[in-house]
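Notes follow the structure.
The values are calculated or read from the model by the stated rules, or taken from the named source; none is laboratory data. As the structure is a prediction and not an experimental result, all values here were calculated from the model. Here the Cβ is made from the backbone with ideal geometry for all residues, glycine too, and neighbour counts use every protein chain on show.
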Amino acid sequence: MSELSKDISFIIVNYNALAHIQKLYASLLEKMGSGDLSWEALIVDNNSKDKSPDFLRTLSLKDARIKTICLDENAGFSKACNIGAQASEGRVLIFLNPDTVLIDCHIADLISFYESKEDIGAVGAKMLNADLSLQRSARSFPTLARQFYESFFLDKIFSKSRVFGAYFMGFSRLEQIMEVDWLSGAFLLLSREIFLKAGGFEEDYFIFSEDADLCLKLKRIGLHNYFYPHYRIIHDDGAISGRNFAKRHAQIIRARNIYFKKNYSLFSAKMVTLLCFAGVLKRILVFSILALFRPKKGYFEKASQYGKVFRDYFASK
């Protein structure tokens, strides 16, 4: 590994996301074009079957700041991120989902904030949905109680409660810089040194919960994670992973099981899985009842989609 020569390394994992990667690259050119910060983007392709590998190879030849690493298998998000980080040359890493777009130019302010803080772990930007509404990317650590609230709709019914709405921090408008438990890996900034010191992302997560796990590791070594609302991105959440609804939700349940097993106990892992299953069953029941009274509203299709979550979860065990 050569001596670090860049200010920022963007680490991007791609899987069959050609249209998104093209938009993201355009935003990188526009928003990072001015300023004194040097940057590179390492795009790790997880054996995509669309035309994105060819696009990325061509892009690497045209733009020396773009480095493409094409894997011969879908290694998952965590492992691909670690591969990109190991090959990076930036003192600061920014893990960035391919379905994101930069909309602010002043990333230097975010870097300055990060480097001005002592004992800092990771920082997350303010995320907006495609319609520019707020996306709740700063969250409290998962607990069995919070999973219960989610499974039984209490987090939605009492979203602004500091108890029931704690997971998504519904009690906060997310307009101030604040210390938080964890931040979405769709945009996660931390120094390369700290990321490697913490051991990177745990690779037994294929996708989901690896960001919460990393932030928990940072907390446990005495570092603090922050939400920084003055730098914004658009994140089209689920545009890629949500293409298969049932598979996405099965992966979320599996990841939460791993998170609780790694960080707490086998018993808590089994309990969180049961709570997730209870939440899926409850949604099947609610949407099935609604379908009886409003058959043209798509409730039957929603119930069917949730029913397929069990199929996808157990099919990949």
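One table, with the values for the structure above:
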| read-out | value |
| --- | --- |
| Residue within the range 257-267 that is in contact (Cβ under 8 Å) with a residue 40 or more places away in the chain and under 18 Å from Tyr149 (Cβ atoms) present | yes |
| Subset of the range 50-67 that is hydroxyl-bearing (Ser, Thr, Tyr) and surrounded by fewer than 20 Cβ atoms within 10 Å (Cβ to Cβ) - its residue that is farthest from Asp109 (Cα to Cα) | Thr58 |
| Any hit, the range 230-247, residues being hydrophobic (A, V, I, L, M, F, W, C), touching a strand residue (DSSP E or B) at 6+ places or on another chain (Cβ under 8 Å) and under 24 Å from Leu274 (Cα atoms) | no |
| Pick from the range 75-86, criterion in contact (Cβ under 8 Å) with a residue 60 or more places away in the chain and in contact with a strand residue (DSSP E or B) (Cβ under 7 Å, 6 or more places away or on another chain), ranking: farthest from Asn14 (Cα to Cα) | Ala85 |
| Filtered residues of the range 82-109 (kept if under 17 Å from Glu193 (Cα atoms) and either outside any loop (DSSP other than H, G, I, E, B) or not assigned by TED's automatic domain parsing to the domain that holds Val44 (or both)) | Asn82, Ile83, Gly84, Ala85, Gln86, Gly90, Arg91, Val92, Leu93, Ile94, Phe95 |
| Matching residues, the range 9-49, being in contact (Cβ under 8 Å) with a residue 60 or more places away in the chain, closer than 18 Å to Ile107 by Cα and crowded, with 22+ Cβ neighbours inside 10 Å | Ser9, Phe10, Ile11, Ile12, Leu24 |
| Any hit, the range 237-252, residues being surrounded by 18 or more Cβ atoms within 10 Å (Cβ to Cβ) and closer than 23 Å to Ser172 by Cα | yes |
| Subset of the range 111-129 [under 15 Å from Met178 (Cβ atoms) and among the small types (Gly, Ala, Ser)] | Gly121, Ala122, Gly124, Ala125 |
| Qualifying residue in the range 254-262 (condition: farther than 29 Å from Met178 by Cβ and not polar (S, T, N, Q)) | yes |
| Test: Val163 is at pLDDT 95 or above, among the hydrophobic types (A, V, I, L, M, F, W, C) and assigned to a loop (DSSP other than H, G, I, E, B) | yes |
| Failed item, numbered, when Arg254 is tested on (1) closer than 30 Å to His20 by Cα; (2) over 20 Å from the mean Cα position of the chain (by Cα) | (2) |
| Candidate set: the range 125-155, residues that are over 21 Å from the mean Cα position of the chain (by Cα) and without any contact (Cβ under 8 Å) to a residue 40 or more places away in the chain; chosen: the one surrounded by the most Cβ atoms within 10 Å (Cβ to Cβ) | Tyr149 |
| Among (1) among the aliphatic types (A, V, I, L, M); (2) within 18 Å of Lys117 (Cα to Cα); (3) not assigned by TED's automatic domain parsing to the domain that holds Gly90, the one test that Ile157 misses | (2) |
| Exclusive hit being hydroxyl-bearing (Ser, Thr, Tyr), under 20 Å from Ala138 (Cα atoms), assigned by TED's automatic domain parsing to the domain that holds Arg311 and at pLDDT 95 or above, set Tyr231, Tyr259 | Tyr259 |
| Count of residues meeting criterion [hydrophobic (A, V, I, L, M, F, W, C), in a loop (DSSP other than H, G, I, E, B) and touching a strand residue (DSSP E or B) at 6+ places or on another chain (Cβ under 8 Å)] in the range 56-74 | 1 |
| Matching residues, the range 110-157, being in a loop (DSSP other than H, G, I, E, B), more than 20 Å from Glu175 (Cα to Cα) and out of contact with any helix residue (DSSP H, G or I) (no Cβ under 8 Å at 6 or more places or on another chain) | Glu118, Asp119, Thr143 |
| Matching entry among Ala41, Ala19 (being assigned by TED's automatic domain parsing to the domain that holds Ile233, of a type in the set (A, V, I, L, M) and under 16 Å from Val92 (Cα atoms)) | Ala41 |
| Selected residue (only one of Gly170, Gly185 is modelled with pLDDT of 95 or more, part of a loop (DSSP other than H, G, I, E, B), farther than 30 Å from Arg91 by Cβ and within 20 Å of the chain's Cα centre (by Cα)) | Gly170 |
